[in-house]
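What follows is one structure encoded as structure tokens, with my remarks underneath.
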Amino acid sequence: MRPKIRRGFTLIELLVVIAIIAVLIALLLPAVQAAREAARRSQCVNNIKQMGLAIHNYISVNNCFPPVYTNYNRTGPAGPTAGGQWPLGWGVGILPSMEQQVLFNAANYSFGAQDGANMTLVNSKVATYICPSESQASGSWPGTPSWINYAANVGGPASIAAWTGPIVIMNANGPSSPCAGTDCSQYNPNTPGLDGVNGNTGTVGLQGVTDGTTNTAMFSEKLIGLQTPANGGIMPGSSLAKRVIFQVSSITVNKDSGGPAEALAFYQACRAVPGTQQAAGTNFWNGACWAGSHSGTLRFNAYDHLNTPNGLSCQDGNAQAPGDVTDAITASSNHPGGVNVGMADGSVRFVKDTVSYQTWWALGSRNLSEVLSADSY
């Protein structure tokens, strides 16, 4: 009888096979991750396109862009309470054009987003307002599932001209004025605070976008803030730095009168924040509530074009709450290399982090006559 020979892998052969499989996995993993991010970015683009279409439907009905916030009322009994001052934001007004009529019917414009009358609205998550690349598992406002990753453009550098974006605040004491009470001091144009009106505030229609709708940003992305820590030792080099705001006390922005030189000084100071400096203030405001806005900080649902995408957000030396119109409230995302920007014509562009500040400023304004070439961003 001939002996039966059993064949199998030797230990060396087995180790070689395992090593080859490990190398293949290592080579394929980045490609899989890139494919997943491409899918997330595509969904993000689709979200912004839906919002852009909703805005244009809103314009066709109302002949204007929606305001950043609406029913602001500091002292009247039928408005957002003085302690909260969270009026309903632009995200509510465009719901009917996003097949969300039932949710829109739950909005009570006689109360603020933080009031009980609007809790059904606030506790409802709107998938279109959430970027798939957002890495936070829950919103920054404790106790609710509500947040938003998209922000309305309120304009370029305030020292050149404030409120030059297409989605801005309404003027006081005018038609549909949000200041229905007796105390309209925050709308005093001589006050350096958030709501000081100028010729760019009020009702803005498509005819007001004189720079061209293809060259004017309407929306971009903004990572949501943090529940904790409030300022928590977060420094510019942290992975969380894009979610907070830093103080730049050396620059005081003079709204509408500082000019490009002051804007450039603020831009440079914001980009040069020391690596050991901690974030300022409470930092849960970014995207804290999709249904609400805030009379004290634009970080709820807005951004501006001072610092280029994914740079730091910075507060200037004015003694205002972080997120004032004079501050740098910067677009940010987890997409590698840039952010998606919804233009006023409804298109979506991917703007790189390396875009020049001049181009970024020009994209932020609707009416300052900047000239942009097709290959500048």
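Selection of region 293-337 for residues being among the hydrophobic types (A, V, I, L, M, F, W, C) and buried (at least 24 other Cβ atoms within 10 Å of the Cβ) yields Leu298, Phe300, Ala302, Leu306, Cys314, Val325, Ala328, Ile329, Ala331. Exactly one residue out of Pro157, Pro166 is part of a loop (DSSP other than H, G, I, E, B), under 19 Å from the mean Cα position of the chain (by Cα), modelled with pLDDT of 95 or more and more than 24 Å from Ile94 (Cα to Cα), and it is Pro157. Residue pairs, Cβ under 8 Å, 6 or more apart or interchain, first in region 341-364 and of a type in the set (Lys, Arg), second modelled with pLDDT of 95 or more. List them. Partner pairs satisfying both residue conditions: Arg349/Asn340; Arg349/Val341; Arg349/Met343; Lys352/Pro309; Lys352/Gly338. If the condition is being among the small types (Gly, Ala, Ser) and modelled with pLDDT of 90 or more, then region 267-286 contributes Ala269, Ala272, Gly275, Ala279.
If you check Thr70, Thr120 for being farther than 20 Å from Val209 by Cβ, at pLDDT below 90 and surrounded by fewer than 17 Cβ atoms within 10 Å (Cβ to Cβ), only one passes: Thr120.
Take Gly287 and decide whether it is out of contact with any His (no Cβ under 6 Å at 6 or more places or on another chain), crowded, with 24+ Cβ neighbours inside 10 Å and outside any loop (DSSP other than H, G, I, E, B). No; evaluated as a whole, the condition is false for this residue.
At pLDDT 80 or above and part of a loop (DSSP other than H, G, I, E, B), is that true of Lys255? Taking the combined requirement at face value, the residue satisfies it.
Give Ala151, Ala117, Ala107 a once-over and let me know the one that is outside any loop (DSSP other than H, G, I, E, B), more than 26 Å from Ala331 (Cβ to Cβ) and of a type in the set (A, V, I, L, M).
Ala117
The values are calculated or read from the model by the stated rules, or taken from the named source; none is laboratory data. From a predicted model like this one, the values you see are computed outputs, not experimental measurements. Glycine gets a Cβ as well: all are built from the backbone with ideal geometry, and neighbour counts include every protein chain shown.
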